[in-house]
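Trainee: Here it is, the structure, as structure tokens.
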2 protein chains.
Amino acid sequence: MMRTRTMSGGGAGRESGSTAGLALSRSRQDYLKALLQLADRSPAPVTALARHLGVSAPSVTHMLARLADERLVSLHHRGAARLTPEGSRQALRIVRRHRILETFLVRALGLDWSDVHEDAEVLEHHVSERVLDALDRFMKHPTEDPHGHPIPDARGRVARRALAPIGELPAGARAVVREIRDRDRARMTRWKQAGLVPGAQLVIRAANRDDDVYEIEVAGRRLVTGSEGLDGVLVQRVGRRAT
Amino acid sequence: MMRTRTMSGGGAGRESGSTAGLALSRSRQDYLKALLQLADRSPAPVTALARHLGVSAPSVTHMLARLADERLVSLHHRGAARLTPEGSRQALRIVRRHRILETFLVRALGLDWSDVHEDAEVLEHHVSERVLDALDRFMKHPTEDPHGHPIPDARGRVARRALAPIGELPAGARAVVREIRDRDRARMTRWKQAGLVPGAQLVIRAANRDDDVYEIEVAGRRLVTGSEGLDGVLVQRVGRRAT
DNA sequence: CCCCGATATTAGCCTTGACTAATCCTCAAG
DNA sequence: CTTGAGGATTAGTCAAGGCTAATATCGGGG
């Protein structure tokens, strides 16, 4: 089953266009990154990938078939896909690039925390290994990006941490913000203005899960909010012992 | 004459793929840059462009037709082309990007002078205006890149300078190296090792144009060489009054 | 048991940019 | 005047990635 096209073709054989060392086209890199996020526990369905990547479902099916041919993903029940070990390695290399770039843009160039994602998203596909290493060196080998995400090391290892969404803490808990998940600039900016930034300490004053009302004290200020989006703020409990 | 295809097509209308603000595909940007270099005085012939860009002549003809449709180049006798004012503006924007990037890679990241061209060549197409401005700011608005080329300002203005190839100087002349033209890493490295870098002072000890032998004193050292390539070293005479 | 609705896939196209092969000009030398 | 050598151009393809429209296919309700 599946086409097994040789992809060598006749005369030309252009390279895929300056994808900076990795022999993967930009599109492939994006698919692998998406899979890293979406197929974390179980295989990601075609539709979810399509939504995430902003392309049509048939495009996803098609590309997944090619990636499977290239042994970068494995296909599962009803088209769902996940990364092979090799695909995972590649995806982590891209994530590393992304996070180093974000760190650079914020720390060195002084760009805004919540703006920087788009730029990194583009540059991650085009920065050569040499420049990437130089950036890394320039910043003294950072281990976290500006949102608090761990930066994979050059071999793709990520420090695993046990973090919880803010909404899961009981009233009275103390915690430190560790990670802010992107994907929605507006929300990120709101949190930032509320003081919810990596490193900030907070106390849950009240958590009413039924009515979806949370009252949090951050950096001395009170913040009352629904949970909408609060799941993007990952914290580490302190003070009391862990759940 | 010429096709006048509407290029709107049917359903989709993808954008051209992250070309950082300018609405020009990467390929178009490369063509414009090539024209800026090759069609400086007279229109550049198709073959010269093809050689410069590493593509076939038909590809050039084809692309020039499209660029002409878009009013970025004007076509002349026997297919030769030159930039329109608008094309020129665009090309200079790209050159500005390139030179700012090179300057950054050398000055801030400490990469090697003669290595940096390739990286800048790729990144110039993908760095957003925002990041470019930040880099420019970071380096305090440099006016020359590491090879001594002037960096166009944000509106495309370049400081015009009257420089001469080293081989044109008479024996006895004193001069300061101002610009090193790229395009051949090996030669650039040779010059660099010989001390021919922007800012270096030199004296022509002997210039025998007939036998193509030049003897130059740079930074205290003697350098005897043929002219091959010396035309890439542009200098400004000092001491005696200009020719 | 049949049909609906959500998903996935197949078919067929489009656009970009490049390629080769085959012409077509144009000019200069015999 | 003819021929030939260089360009330049036309014609026809290709590969990557995307898209739409039209099918499958699977999992439940009624």
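The values are calculated or read from the model by the stated rules, or taken from the named source; none is laboratory data. All figures in this text were calculated on a predicted structure; none of them were measured in a lab. Note that each Cβ is placed from the backbone with ideal geometry, even for glycine, and that neighbours are counted across all protein chains shown. For accessibility, only protein heavy atoms count, side chains too; no ligands or nucleic acids. Shrake-Rupley method; radii C 1.70, N 1.55, O 1.52, S 1.80 Å.
Trainee: Which of (1) within 11 Å of chain B (Cβ to nearest Cβ); (2) open to solvent by 40 Å² or more (accessible area, probe 1.4 Å); (3) not in a loop (DSSP other than H, G, I, E, B) is the odd one out, the single condition residue A:106 does not satisfy?
Mentor: (2) is the only condition that residue A:106 fails.
Trainee: Right, next: Just one of (1) at pLDDT 95 or above; (2) within 24 Å of residue B:199 (Cα to Cα); (3) over 14 Å from the mean Cα position of the chain (by Cα) trips up residue B:102, so point out which.
Mentor: So the condition that residue B:102 fails would be (3).
Trainee: So residue A:128 passes all but one of these: (1) closer than 24 Å to residue A:194 by Cα; (2) at the interface with chain B (Cβ under 10 Å from one of its Cβ atoms); (3) of a type outside the set (D, E, K, R). Which condition number does it fail?
Mentor: Unmet for residue A:128, out of (1) closer than 24 Å to residue A:194 by Cα; (2) at the interface with chain B (Cβ under 10 Å from one of its Cβ atoms); (3) of a type outside the set (D, E, K, R): (1).
Trainee: Here is a check on your reading of the model: is residue A:157 surrounded by fewer than 18 Cβ atoms within 10 Å (Cβ to Cβ) and not in a helix (DSSP H, G or I)?
Mentor: Yes: the conditions hold for residue A:157.
Trainee: Inside segment A:50-80, can you point out the residues that are near DNA strand C (Cβ under 9 Å from one of its atoms) and under 14 Å from residue A:28 (Cα atoms)?
Mentor: Across segment A:50-80, the qualifying residues are A:50, A:59, A:60, A:61, A:62, A:64, A:65.
Trainee: Assuming residue B:188 fulfils every condition listed in (1) buried (at least 17 other Cβ atoms within 10 Å of the Cβ); (2) in contact with a Lys or Arg (Cβ under 7 Å, 6 or more places away or on another chain); (3) over 29 Å from residue B:85 (Cα atoms) apart from one, which condition is it?
Mentor: (2)
Trainee: Within segment A:60-79, work out how many residues are surrounded by 20 or more Cβ atoms within 10 Å (Cβ to Cβ) and at pLDDT below 95.
Mentor: Within segment A:60-79, residues that are surrounded by 20 or more Cβ atoms within 10 Å (Cβ to Cβ) and at pLDDT below 95 number 0.
Trainee: Which of the residues that make up segment A:102-148 are more than 18 Å from residue B:101 (Cα to Cα) and without any contact (Cβ under 8 Å) to a residue 12 or more places away in the chain?
Mentor: A:112, A:118, A:140, A:141
Trainee: May I pose another question? Mind listing just one residue for me: the one in segment B:109-125 that is in a loop (DSSP other than H, G, I, E, B) and open to solvent by 50 Å² or more (accessible area, probe 1.4 Å) and, of those, farthest from the other protein chains (Cβ to nearest Cβ)?
Mentor: Top of the filtered list is B:112.
Trainee: Which numbered condition in (1) small (Gly, Ala, Ser); (2) under 30 Å from residue B:86 (Cβ atoms); (3) in contact with a Leu (Cβ under 8 Å, 6 or more places away or on another chain) is the only one that residue B:159 fails?
Mentor: It fails just one condition, (3).
Trainee: Which members of segment A:53-79 meet the condition of being outside any loop (DSSP other than H, G, I, E, B) and either hydrophobic (A, V, I, L, M, F, W, C) or more than 12 Å from DNA strand D (Cβ to nearest atom) (or both)? Break it down stepwise before answering.
Mentor: Initially, segment A:53-79 is screened for residues outside any loop (DSSP other than H, G, I, E, B), giving A:53, A:57-69, A:73-75, A:77-79.
Passing the criteria: A:53, A:57, A:60, A:63, A:64, A:65, A:67, A:68, A:73, A:74, A:75.
Trainee: While we're looking at this one, here's another question. What is the one condition in (1) without any contact (Cβ under 8 Å) to a residue 12 or more places away in the chain; (2) among the acidic types (Asp, Glu); (3) assigned to a helix (DSSP H, G or I) that residue A:231 does not satisfy?
Mentor: (1)
Trainee: Being surrounded by fewer than 18 Cβ atoms within 10 Å (Cβ to Cβ) and either within 14 Å of another protein chain (Cβ to nearest Cβ) or more than 11 Å from DNA strand D (Cβ to nearest atom) (or both) is the filter here, so list the residues in segment B:30-52 that pass it.
Mentor: Selection gives B:37, B:40, B:41, B:42.
Trainee: Now a separate question. Using the structure shown, decide if residue B:88 is under 13 Å from residue B:36 (Cβ atoms) and open to solvent by 30 Å² or more (accessible area, probe 1.4 Å).
Mentor: Judged against the criteria, residue B:88 is a match.
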